[in-house]
Amino acid sequence: MKNLKIFYSIDDIFPPYRVDVSELFGVSLAKRGLDTEWYMRNPISGKAASIKLNNQTVHLPGFIKRSGLLWKIINKLAFWFYDALNLWRCRNSAELIQVRDKTIAALIGLLVARIKGIPFVYWYSYPFPEDYLESAKVATGMRRLYFNCHARLERPVLYRFVMPLSDHVFVQSGQMKIDLAVYGVPPDKMTPIPMGIPSQLLSFVGTKAVQEVPGRIVYLGTLAAIRQLQVLIEAFAKVHAHIPNARLVIVGDGDIPEETVSLVRLAQQFGIGFAVDFTGFVPIEQAWKIAASAQVCVSPIYPTPVLNSASPTKLNEYMALGKPVVCNVHPEQSATINASGAGLCVPWGAEHFANAMIWLFEHPDEAREMGAKGADWVAQHRTYDRIAETVWNKYQDIMQTKS
């Protein structure tokens with residue numbers, strides 16, 4: 001298969017921390033011959049610049065790090081301007097243009113690709129318009145107006161124009177493909193790309209021996225209100241009443257301080273504040289070390305249309321660490337647990353989560369067997385080298401069809 005040069009415009013701040021960006025494109029696809037030229041957000045004040053990341057060129061916009069609404073607007077306009085400028089410049093070097101989770105850049109990229117006669121690909125990792133609508137339901141005043149306008153402008157542009165006219169659309173999950181097909185995006189134009197595990201985690205598993213702490217339950221991830229993690233606190237209260245030495249470690253934080261504070265208060269109200277440890281965000285290897293010390297790991301994903309299309313990274317991480325998992329019924333989680341046998345998948349609800357965790361504590365041999373099955377399955381199906389093969393083959397198909 002021939003090498004390929006693409007231009008990829010993303011909304012991430014440099015350097016990218018998402019593994020489906022840094023690991024998939026920066027490492028696994030690069031080994032197959034993909035040369036990616038990037039556009040990302042600038043993390044520091046300064047002029048527009050072009051720098052190197054893993055021998056790949058990254059374009060950064062001019063950015064002025066000052067507070068206030070005026071500077072926020074200026075920086076937003078600068079980001080759009082340099083995005084458009086680099087999309088236009090890339091027409092003479094890129095063989096394919098790809099945009100991730102952006103609307104204005106997608107319109108410009110699609111136009112440039114059509115002028116140049118090269119493929120345009122859209123990468124859709126999260127249903128942002130639907131998330132804005134959910135946020136609008138609980139917001140007030142100008143924030144509510146902002147969320148509603150954002151959603152109602154983006155939905156028709158993305159679902160009725162950008163995606164149908166793209167040469168291909170990479171989506172986060174099989175459920176997202178089903179959801180977008182309802183809006184009219186052709187199913188044969190979409191390929192689900194689930195979240196995977198970075199090579200760094202495989203190295204961690206192979207070299208770090210972590211002592212398991214009896215009774216420890218670990219949750220990794222965001223504490224954002226949309227996740228409805230009150231159910232986890234309530235479930236743990238039931239577990240603790242049955243198993244007094246049980247401890248819950250929550251690794252992560254909310255989007256705003258109040259989201260974490262509300263969970264801390266709830267734990268105190270249940271009388272289990274002393275048994276719940278909120279670590280906040282920690283370096284990734286420290287998070288893995290904490291999860292590796294767990295007897296049971298949990299992955300609650302609140303069943304809403306927005307989150308049903310997710311591909312949870314935490315589930316793959318738990319499994320790679322050889323931990324038995326308790327999760328709730330969810331398109332991606334259910335399919336993964338059914339295929340791997342790595343844990344228990346239950347309906348949403350505190351009683352269901354609690355019963356599953358208690359069962360794993362009381363059946364340690366079966367729990368260890370589940371953990372071992374999960375580690376084997378992830379190594380076969382969720383490494384980024386394996387995922388890169390799917391993406392690379394699709395790029396080759398796109399290029400052949402376009403030619």
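Remarks
- For the stretch 30-53, a residue qualifies if it is closer than 21 Å to Val121 by Cβ and surrounded by 12 or more Cβ atoms within 10 Å (Cβ to Cβ), and the qualifying residues are Ala30, Arg32, Gly33, Leu34, Asp35, Thr36, Glu37, Trp38, Tyr39, Met40, Arg41, Leu53.
- Residue within the stretch 174-188 that is out of contact with any Asp or Glu (no Cβ under 8 Å at 6 or more places or on another chain), of a type in the set (Asp, Glu) and touching a residue at least 24 places away in the same chain (Cβ under 8 Å) present: yes
- Residues (modelled with pLDDT under 90, loosely packed, with under 15 Cβ neighbours inside 10 Å and farther than 10 Å from Trp288 by Cβ) located in the stretch 200-218: Ser203, Gly206, Thr207, Ala209
So that you can scan it fast, the table gives a plain yes or no per residue for (1) without any contact (Cβ under 8 Å) to a residue 24 or more places away in the chain; (2) crowded, with 22+ Cβ neighbours inside 10 Å:
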| residue | (1), (2) |
| --- | --- |
| Met319 | no, yes |
| Lys323 | no, yes |
| Val326 | no, yes |
| Val329 | no, no |
| Gly343 | no, yes |
| Pro347 | yes, no |
| Glu351 | no, no |
| Ile358 | no, no |
| Phe361 | no, no |
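- Among the residues of the stretch 87-109, those that are surrounded by 22 or more Cβ atoms within 10 Å (Cβ to Cβ) and assigned to a helix (DSSP H, G or I) comprise Leu87, Cys90, Ala105, Ala106, Gly109.
- For the condition surrounded by 13 or more Cβ atoms within 10 Å (Cβ to Cβ), on the phi > 0 side of the Ramachandran plot and not hydroxyl-bearing (Ser, Thr, Tyr), Gly62 does not qualify.
- Only one of the numbered conditions (1) without any contact (Cβ under 8 Å) to a residue 24 or more places away in the chain; (2) part of a strand (DSSP E or B) is violated by Arg66, and that is (2).
- Scanning the stretch 1-37 for residues that are farther than 18 Å from Ile193 by Cβ and in a strand (DSSP E or B) returns Lys5, Phe7, Ile13, Asp35, Glu37.
- Of the helices (runs of 4 or more DSSP H) entirely within the stretch 309-403, those holding at least 2 residues that are within 28 Å of Ala241 (Cβ to Cβ), out of contact with any His (no Cβ under 8 Å at 6 or more places or on another chain) and charged (D, E, K, R) occupy 350-362, 364-381.
- Tally of residues being in contact with a strand residue (DSSP E or B) (Cβ under 7 Å, 6 or more places away or on another chain) and not aliphatic (A, V, I, L, M) across the stretch 83-132: 16
- Within the stretch 154-191, if we keep just the residues that are under 22 Å from the mean Cα position of the chain (by Cα) and aromatic (Phe, Trp, Tyr), the residue that is farthest from Leu133 (Cα to Cα) turns out to be Phe170.
- Exactly one residue out of Arg144, Arg155 is charged (D, E, K, R) and without any contact (Cβ under 8 Å) to a residue 24 or more places away in the chain, and it is Arg144.
- Any hit, the stretch 240-247, residues being touching a Lys or Arg at 6+ places or on another chain (Cβ under 8 Å) and charged (D, E, K, R): yes
- Residue in the stretch 145-163 that is farther than 26 Å from Val182 by Cβ and of a type in the set (A, V, I, L, M, F, W, C) present: yes
The values are calculated or read from the model by the stated rules, or taken from the named source; none is laboratory data. Note that the structure is predicted; figures quoted are calculated from it, not measured. FYI the Cβ positions are ideal-geometry reconstructions off the backbone, even for glycines, and counts take in every protein chain you see.
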